[in-house]
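I have placed the structure first, in the form of structure tokens, so that the comments after it can refer back to it.
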Amino acid sequence: MKLSQLFLLSSILISVPCIGHAETAFWKNTSLSAEARAKALVKVMTQYEKLQLVASQYAVDNGSKHLPIPKGALGSAAYVPGIPRLNIPAQQITDAGLGVVNPNHIRPNDAATSLPSGQILSGAFDRNLAYEAGKMVGAEAFHRGFNVLLGGGVVLSRDPRAGRNFEYLGEDPILAGNIGAAEIKGVQSQHVVSTVKHFAFNNIETNRKKIDMKVGEKEGRESDLLAFEIAIKKGNPSSIMCAYNKVNGDYSCENSYLLQLPKKDWGYQGYIMTDWGGGHSTVKAAKAGLDQESAADQFDNKIYFGKALKEAIAKGEVPQSRLDDMAYRVLYGLIQVGAYDYPAVKSTQTEDIAGHEAISQKIAENGIVLLQNKQNILPLATSVKKIAIIGGKADQGVLSGGGSSQVTARGGNIKDSTGIQTWPGPISYFPSSPMKAIQALVPEAKVQFAKGNNIVEAVKLVSQSDVVIVFATKWSAESFDNADMRLPGNQNQLIEAVAKTGKPVVVVLETGNPVEMPWLNNVDAVVEAWFPGTSGGSAIANILFGKVNPSGRLSISWPKSLAQVPYPTITNVGQRWNEDDPVKEDKPDLSGITTFNLDVDKANVGYRWYQDKKIMPLYPFGYGLSYTTFKYTKIALNNNLSVKNPTMIAEVTVQNTGKKDGADAVQVYGTMPSDTTSRLLGFDKVALKAGETKTVSIPLDLQAVANYEPKAHHWELSAGTYTIVVKPDALSNEGVKAAVHLNKMNLAD
Ligand code: BGC
């Protein structure tokens, strides 16, 4: 048979929904592209199979309120049955970005490693670590039989109260996009789909299921959408989760501007799924570009895909080609990460628990931020005799964030019986005690604990000690924002009282956001440990005693108070929408806020807004101390300014000028012609021995200094002189500069 005849025959065979011969099943041929294989599969699928592929079912058994777990499901955020005749695996879908979540908490063996919060991962300024983080979580997901992971989040942190900032990667699009991309690649290296979320502008949780985020196209493209663009183009996630909120009048999951953007402008081939309860229509959503409805049986007003989609297609309201495209995209996503060729099966092998916990710890050690260190009180000497540890359940563990990303640690979480007991609670601590880790580092020292609720008792203990370490906590969770920036309860009074004893005071914060620190001048050192993950206790101890030199930086500006932020007053902030109810379109809106206009910070999120308004926050983006010092001695630019694809690399020479080995987060910023504000263009983490000098090459993302032109539909660099500077943080006046003159040019898509 001639080759052309062979092709003809095979195309006839695959155009009917049956498999004639094994050799026609060339979707099994791993040497073909994911695109070709997915297309071939769609051709042989029945309508029923396609419809099945694009709607997931809820798979958590939460008792009688919920439907039973579907047959075959492992019991997680959602499930789609497989299609055995075509070797299409079941989609076992699990949360989320910080680690594998076991929502049932019924199988002790399903406990997992949790990464530290997103502020730590981004604050490490280290793509390699982000890749390792994703790879570890991906491996744990695969090991448990999951092939779709509902993380990572790259929504920009625009407000220091936002409930999910701990799941996101800070306020800067270049940092969030690049760290997100590396994490996505890590997850997908394990044959597990990564889901970038929540697309888009899910910047606050207040009334998240109804709020309409208003933002101009240019401002949107240059802020949150830029983070998504970078994460999607560089990370190539198989899946995107559209957000709960509306954007400019339309729900995200039926918003054709949003859903077409990745597909049309960014070359995105994967699929877009709804958030749980984010589906609102059949025809509108399908035509806008939604590809999969998630857990609709439990969360949406009704099931919009499934039977309703079938009928809409039969009536010609949704073209058949749209369903084919949805199915194609899901299959492409599964094939491109290897989930098709390497089906995830719950493994009976032991996993490398120590190795995984070590990765989580390494990330915490690289991302925890030393904010203040008067007279170099830290690192503490191991010869210290008596240490008082106060508060924060530090004798037992470290705080974690609440909601769908809540991981159950090995050994079980320690639950706070006093706070909220229902979802997104209870407030949970991972059993990694900083106090125990400290005692292990200084076995000779007398380490004593006071809970902190009784200030008199705490002060008594402190006065008998050589140094006090106060652990102050503030919980954040999905589904609501913090009402303010204050440390809850008596913690401020406690710290003031302890500081009055005159003993050296170290404050360790475990918070989901920046907090006000009215006692700052009265304490010696402050360490922001965010939510430091399942090995957080050891990471904190190692930093306090100098086993590790802190190198984390702030990935979110730290305002002095809410008076400094772009949106000081948000109506009903801190209140919680009843998350157990599906969103009823006809339900009166109880939250009091239905529109949120991003017209104050616009594209100038975080430090760019502070620069613009000439406000000095308490600590700027990029800030963080070390036990050593660094100096930049040179910056040189290596340009290829071709009109089609201009690229720029900064060669930065950095020196460790102190006496200790350490690592610097090298940050390169750019200022556009006739502008005064600088924007992060590139970054890297560089380890330097005491006295060592290194030159590092940092690729710059020029979109940060380009204008998105909505009418022309492109990114444009204006003509003029750009200042490129390497400096210790976003608002610093120190640093070394270079200038480059550019002609007006467009950036390639
Ligand atoms: C969250 C998502 C999560 C989903 C599934 C939703 O409430 O917003 O981030 O992946 O639940 O648990």
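The values are calculated or read from the model by the stated rules, or taken from the named source; none is laboratory data. Keep in mind that what you see is a predicted model, and the values were worked out from it rather than measured. Here Cβ is always computed from backbone atoms with ideal geometry, including for glycine, and neighbour counts include all displayed protein chains. Accessible surface is based on the protein model in full, side chains and every heavy atom, while ligands, DNA and RNA are left aside. Shrake-Rupley method; radii C 1.70, N 1.55, O 1.52, S 1.80 Å.
Across the accessible surface of region 499-547, with the other protein chains kept in place and a 1.4 Å probe, carbon and sulfur atoms take up 38 percent. Dividing the convex hull volume of the alpha-carbon atoms in region 389-438 by its residue count gives 70 Å³ per residue. Note on S732 and K385: the model spin-label points, each 7 Å out from Cα along the C-beta direction, lie 4.0 nm apart. Straight-line cross-link reach from K644 at under 12 Å between alpha-carbon atoms covers these aspartates and glutamates, not counting any fewer than eight positions away in the same chain: E716, D749.
Measuring how big region 33-336 is from its alpha-carbon positions, Rg and Dmax come out at 17.8, 53 Å.
Residues F299, F125, ordered by accessible area of protein heavy atoms at a 1.4 angstrom probe radius and largest first, appear as F299, F125. Accessible surface computed residue by residue for the chain, with neighbouring protein chains in place and a 1.4 Å probe, gives 36 Å² per residue. In this structure the amide hydrogen of V193, modeled in the peptide plane, comes within under 5 Å of the amide hydrogens of V148, L149, none closer than 5 places in sequence on its chain.
Any chance you could check the Cα centroid distance between region 424-446 and region 677-749 for me, in angstrom? What the calculation gives is 41 Å, centre to centre.
In region 171-327 the Cα-Cα distances spread across 10 Å bins starting at 0 as 12, 40, 36, 12, 1 percent of all pairs.
A viscosity of 1.002 mPa s and a temperature of 20 °C, combined with the Kirkwood radius over C-alpha pairs in the Stokes-Einstein formula, give region 368-544 a diffusion coefficient of 132 µm²/s. Proximity of backbone amide H atoms, modeled 1.01 Å from N, is registered between K386 and K446, D466, V467 at under 5 Å, excluding neighbours fewer than 5 places apart on the same chain. In this structure I83 has an accessible area near 10 Å², from a 1.4 Å probe over the protein heavy atoms. Once you treat every alpha carbon in the chain as an equal point and sum by Debye, what is log10 I(q)/I(0) at q = 0.05, 0.07, 0.10 Å⁻¹? Normalising to I(0) and taking log10 leaves -0.25, -0.48, -0.98. In order along region 536-541, the Karplus-derived 3J(HN,Hα) couplings, from 6.51 cos²θ - 1.76 cosθ + 1.60 at θ = phi - 60°, round to x, x, 5, 4, 4, 4 Hz, and Gly and Pro are given as x. Compared with the direct C-alpha span, the chain from Q47 to K689 gains 224.9 nm at full extension, assuming 0.36 nm per residue. Here the Kirkwood formula, the inverse mean of 1/r across different C-alpha pairs, assigns region 630-747 a hydrodynamic radius of 14.9 Å.
Exceedance of the 22 Å cut-off in Cα-Cα distance is limited, within the set K218/K263; K436/K659; K362/K685; K264/K284; K234/K711, to K436/K659; K234/K711. Placing T348, T671, T382 in order of accessible area, with the largest value first and a 1.4 Å probe, yields T348, T382, T671. A crude spin-label estimate for the pair T594 and A739, with each label 7 Å from Cα along the Cβ direction, gives 5.3 nm. The length gained on full extension between S321 and D341, counted as 0.36 nm times the residue separation minus their Cα-Cα distance, comes to 4.6 nm. Bridges between two residues of the chain, per DSSP, are antiparallel at a rate of about 60%.
Against the main long axis of the alpha-carbon atoms of the chain, helix 224-235 sits at an angle near 70°. The heavy atoms of W266 offer some 20 square angstrom of accessible surface to a 1.4 angstrom probe.
Residue by residue, region 718-728 carries 3J(HN,Hα) couplings of 7, 6, x, 9, 9, 9, 10, 9, 9, 8, x Hz when phi is fed to the Karplus relation 6.51 cos²θ - 1.76 cosθ + 1.60 (θ = phi - 60°); x denotes Gly or Pro. Estimated purely from DSSP H runs of n ≥ 4, each contributing -39500 (n - 2.57), the mean residue ellipticity at 222 nm for the chain is -7000 deg cm²/dmol once divided by its residues.
Both radii are taken from the alpha-carbon atoms of region 82-232; with Rh as the Kirkwood radius, Rg/Rh is 1.00. Estimated at the nearest 10 Å², the accessible area of R164 is 10 Å² with a 1.4 Å probe. The phi torsions of region 200-210, fed into the Karplus equation with coefficients 6.51, -1.76 and 1.60 and a -60° offset, translate into couplings of 8, 6, 7, 6, 10, 9, 4, 6, 4, 7, 10 Hz, rounded to whole numbers, with Gly and Pro shown as x. Each 10 Å bin from zero up to the one holding the largest Cα-Cα distance in region 307-464 carries the following percent of pairs: 8, 20, 25, 18, 12, 9, 6, 2.
Under the criterion of Cα pairs below 8 Å and six or more residues apart, the relative contact order for region 384-444 equals 41 percent. Taking 0.36 nm per residue of separation and subtracting the current Cα-Cα distance, fully stretching the chain between N454 and N521 would add 21.8 nm.
What is region 612-678 by shape, rounded, prolate or oblate, if you read a ≥ b ≥ c off the alpha carbon gyration tensor as root eigenvalues and call it rounded for a/c under 1.5, prolate for a/b larger than b/c, and oblate otherwise? In terms of gyration-tensor shape, oblate.
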